[in-house]
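Data block below; observations after.
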Amino acid sequence: MLHPRKLFTTLLLVVAECGAISQMGASVGDCPSRCHCEEDGMLQRVDCSDLGLTELPANLSVFTSYLDLSMNNLTLLPSSALSNLHFLEELRLAGNDLTHIPKGAFSGLFNLKVLMLQNNQLRQVPGDALQNLRNLQSLRLDANHISSVPRGCFDGLLSLRHLWLDDNALTEVPDDALRVLSSLQAMTLALNRIAHVPDRAFANLSSLVVLHLNNNRIHSLGTQCFEGLQNLETLDLNYNNLEEFPIAIRSLSTLKELGFHSNNIQSIPEHAFTGNPSLLTIFFYDNPIQFVGRSAFQHLPELRTLSLNGAAEITEFPDLTGTKSLESLTITGAQITSLPSTVCDQLPNLQVLDLSYNLIQSLPSLSGCQKIQKIDLHHNEIEEVQSGTFQGLASLRTLDLAWNKLFSLDPLSFSGLPGLIKLDLTSNRLSSMPVSGLHGLTHLKLAGNENLRDLLPAESFPKLRVMELPYAFQCCAFVSCEKHSSPWDRDDNNNGKNDFGRREAILSNQEDHELEDFLLDSDDEPKSHHTVQCSPAPGPFRPCHHLFGSWLIRGGVWVIATLSLICNTLVMVSIFLSPSFLSPAKLLIGLLALVNSLMGLWSATLATVDALTFGSFARYGARWESSAGCKLTGFVSVFASETSIFLLTVAALERGLSVRRGKAAEGKTSAGTARLAAALCFLLGLAVTLLPLLGDYGVSSICLPVPYGEPSSLGFMVALVLVNSLCYLIMTVSYTRLYCSLEKGEPDNLWDCSMIRHVAWLLFANCLLYFPVAFLSFSSLLRLPSVGPEVVKSVLLVVVPLPACLNPLLYVLFNPHFKEDLGLLRKRTLGSLHRPRRLSLASLDSEDAEKQSCDSTQALVTFGTSEEEEESGGKGAEQPRGAGQQPSTEAHHPPVPFIPCR
């Protein structure tokens, strides 16, 4: 209430001002040019901000109560320029270029309450200009270059309550200048260069409630530096260089909020907070704390929040006797190995307990913490949970036990938790999951438990909305199997594990979890039909019902497997058991049949699994996919596919070299060289096959270790496609050159000409079959949505093994020497050979023996003078035939007609 004398003086002032206005002809509604004005009763608010002004605007009304001149280009504030604004209460001069404010600049501003001078170029507090602003309550001098605060610069500011001196160049606390501010309630000296706070630096600031000293260079505090702060409630010492615990805070009996995180404090002594019984919150994380006295946090009855993030050297849980009001306790990144059995007796009001990233091995009963809502124990070493550990926690909503070593959960571990809605058991060692008491769950995370292969009953989780499971097959009971995701858009089983493995930061994905909680809590209306988000999602590569999605694929796989095994077996028998000469070409054909039979074995294995799990593949999918049999099957299929391509390439080169050497009379390819090249093909195929198995690539239900998503796996895919394409290019170029040489009439044998023409078409067919495989590989690399997962699966099941069936089938059907070799084998087996051994030698000397080494299905033929003829010629030189032993080159005629080249 105003004093009668002051009220009378104000009325006289108003009358005088009105008289002056009437004499000058000025109107109350006058507004400076380019400014924006608003009437506030009989007063006026003027906004001249951000106009590029270089001087004060003219024609300001004497009834202006608010004047904003911020964000202009003012460099000078003349004396008495605002002296007639006696009703001005708020003046904003922030964001200008003021370097000095002269004495008298604010004279006449008797009612000024708020003065903003931040973001200017001031180098010291303009004490002369601030004199006699007796009603000033808020003064902002932050973000200047102030390095000097002279004594007496705040004299006369008897009503000042808020003072901003942060973000300046102060190197010490201006204690002399602050002594007169007995009414000051909040002050910030943050973001300066203060290194030491002396004793009694704030002695006369008895009304101060908030003090910010953060982001300085403070390395030491006087033991009595806070003496006299009788009403201080908030003290911020964060981001400094303190090395010792600030024992000076013991004089702050009214302190409620204390922060000294991000310093270099290494220990918290016993009874550290004696004298601070009113503390509500303590933040001192990110300190290299090596020691915490067990009694450091005792007898803090008002303490609500305690955070000790990053205290790496803490090995014992602190004694919290007498701190019964604690609601949130966070001790992360420490080395605590156990919890005391009295933890809930000491903390009956605890609501949030975060002990993640510790070394806790066992848990006591927490049933006494009746108000607890969230327990976070991820990244510890807990091995088992007893039935009474969480018994009776009716308020518990979130339980995080991820990344522990849990291998055993009592069947009643979660039975007494009616309010539990989120349970995280990611990356443990569980082989079974108790479902009792989890009917209220909305979020369940079990990814990374590779031994947990059983299906979870959907009826035990009626409210579930978000799931992360070890295997996609376990999602079949909760989601519709009709919706399939693309193989390069979905997460593989192991990808979920990798994603959780990347969460090394303590506060990862906090915003997402908070948003998720908000959306969940805001949904109060129960839904009879809700959508379950389950990952990894089932799809064609992880089906719910049938391994093969259609009868067409099922029939095709059976046909390919049967023909491949039978035909390749016949080819190997006719080549390796026949009494005829085993040339290098026939050796390569036999080895090719061997690896092709392995591909047929892969198809037969998948067909058998599909038949045995028909209609209920999800029940066995996890066990099959993670079994050694599936991994071995996938290994064999990739090995057979790659080795067959390498053998084909070697065979093509061997035939070309044999023809050229035969024409140049330079000899032939030796059997030893062919065996060495074949061994190299097998070693190379083995090396290529081992690459995806050594990495962390996910397998699928068809047991193909085809990686998706990771850069290393994509690089492997591209490299594999490029190598295979190079092999096909070499084969194509080799046979094209031979075909062109035939057109030029170089070979004399018309039989060779017809076979090369046939092989050219066969090579074209093989390349055509490889094209969709290469296209799908690059589609996965480029993430093209043009091909659906069903098509990808069909190509992998039918097109990939088709050459293993086609090649031996054509050899059996069209090669004239297959029947002859099989006949010779039959005769030798029955012991009914009409001719003695010399007939077999004659057969070996004949040109017909060379024809037996040709494989039309694998594009291996003889050209011109064959190797075997050279070899038989060599043998003839060593062992001359008798007169009656003539080479029977015409004794055997091919069952197909000769086809001329032209």
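The values are calculated or read from the model by the stated rules, or taken from the named source; none is laboratory data. From a predicted model like this one, the values you see are computed outputs, not experimental measurements. Here the Cβ positions follow ideal geometry from the backbone for every residue, glycine too, while neighbour counts run over all protein chains shown.
Residues that are within 16 Å of residue 449 (Cβ to Cβ) and among the β-branched types (Val, Ile, Thr) were ranked within the stretch 368-405; the one that is modelled with the highest pLDDT is 382. Selection over the stretch 117-164 of residues that are buried (at least 21 other Cβ atoms within 10 Å of the Cβ) and of a type in the set (Ser, Thr, Tyr) gives a count of 0. Those residues that are among the hydrophobic types (A, V, I, L, M, F, W, C) and farther than 16 Å from residue 187 by Cβ, I need them from the stretch 203-262; list them, please. Passing the criteria: 221, 242, 245, 247, 248, 249, 258, 260. Within this structure, residue 143 passes the test of being at positive phi and under 56 Å from the mean Cα position of the chain (by Cα). Here is the figure for the stretch 121-140: residues that are farther than 17 Å from residue 170 by Cβ and either under 56 Å from the mean Cα position of the chain (by Cα) or assigned to a loop (DSSP other than H, G, I, E, B) (or both) total 8. Annotation: of all residues in the stretch 426-444 being in contact (Cβ under 8 Å) with a residue 24 or more places away in the chain and touching a Gly at 6+ places or on another chain (Cβ under 9 Å), the one that is surrounded by the fewest Cβ atoms within 10 Å (Cβ to Cβ) is 437. Looking across the stretch 292-311, the residues that are assigned to a loop (DSSP other than H, G, I, E, B) and over 19 Å from residue 378 (Cβ atoms) come down to 293, 294, 295, 296, 297, 298, 299, 300, 301, 302, 303, 304.
Test residue 88 against the stated conditions and say whether it is part of a strand (DSSP E or B), surrounded by 16 or more Cβ atoms within 10 Å (Cβ to Cβ) and touching a residue at least 24 places away in the same chain (Cβ under 8 Å). Answer is no for this residue.
When residue 176 is tested against (1) assigned to a loop (DSSP other than H, G, I, E, B); (2) over 18 Å from residue 129 (Cα atoms); (3) not hydrophobic (A, V, I, L, M, F, W, C), exactly one condition is not met: (1). Only one of the numbered conditions (1) of a type outside the set (Gly, Ala, Ser); (2) modelled with pLDDT of 60 or more; (3) crowded, with 16+ Cβ neighbours inside 10 Å is violated by residue 669, and that is (2). Taking residue 197, is it within 26 Å of residue 303 (Cβ to Cβ) and in contact with a strand residue (DSSP E or B) (Cβ under 7 Å, 6 or more places away or on another chain)? Judged against the criteria, residue 197 is a match. Cβ-Cβ contacts under 7 Å between residues 6 or more apart (or on different chains), taken from a first residue in the stretch 351-368 that is in contact (Cβ under 8 Å) with a residue 60 or more places away in the chain to a second residue that is in a loop (DSSP other than H, G, I, E, B) and aliphatic (A, V, I, L, M), are listed as 356/377; 356/506; 357/506. Residue-level check: of (1) touching an Asp or Glu at 6+ places or on another chain (Cβ under 9 Å); (2) touching a residue at least 40 places away in the same chain (Cβ under 8 Å), residue 550 misses just (2).
The residues listed here are 265, 314, 249; of these, the one that is in a loop (DSSP other than H, G, I, E, B), modelled with pLDDT of 90 or more and of a type in the set (Val, Ile, Thr) is 265. With respect to residue 715, is the statement that it is at pLDDT below 85 and under 25 Å from the mean Cα position of the chain (by Cα) true? Yes; evaluated as a whole, the condition is true for this residue. Filtering the stretch 344-356 for residues that are in contact with an Asp or Glu (Cβ under 9 Å, 6 or more places away or on another chain), within 28 Å of residue 448 (Cβ to Cβ), surrounded by 15 or more Cβ atoms within 10 Å (Cβ to Cβ) and among the hydroxyl-bearing types (Ser, Thr, Tyr) leaves a non-empty set. Residue 252 passes every criterion in (1) over 25 Å from residue 165 (Cβ atoms); (2) of a type in the set (A, V, I, L, M); (3) crowded, with 22+ Cβ neighbours inside 10 Å apart from (1). Quick one: would you say residue 425 is touching a strand residue (DSSP E or B) at 6+ places or on another chain (Cβ under 9 Å), modelled with pLDDT of 90 or more and over 23 Å from residue 547 (Cα atoms)? In short, yes. Just to be sure before I move on: is residue 408 under 18 Å from residue 445 (Cα atoms), at pLDDT below 95 and surrounded by fewer than 18 Cβ atoms within 10 Å (Cβ to Cβ) in the structure I sent? Spelling it out, residue 408 is indeed under 18 Å from residue 445 (Cα atoms), at pLDDT below 95 and surrounded by fewer than 18 Cβ atoms within 10 Å (Cβ to Cβ). Only residues that are surrounded by fewer than 17 Cβ atoms within 10 Å (Cβ to Cβ) and either in contact with a Cys (Cβ under 6 Å, 6 or more places away or on another chain) or of a type in the set (S, T, N, Q) (or both) were counted in the stretch 297-327, giving 4.
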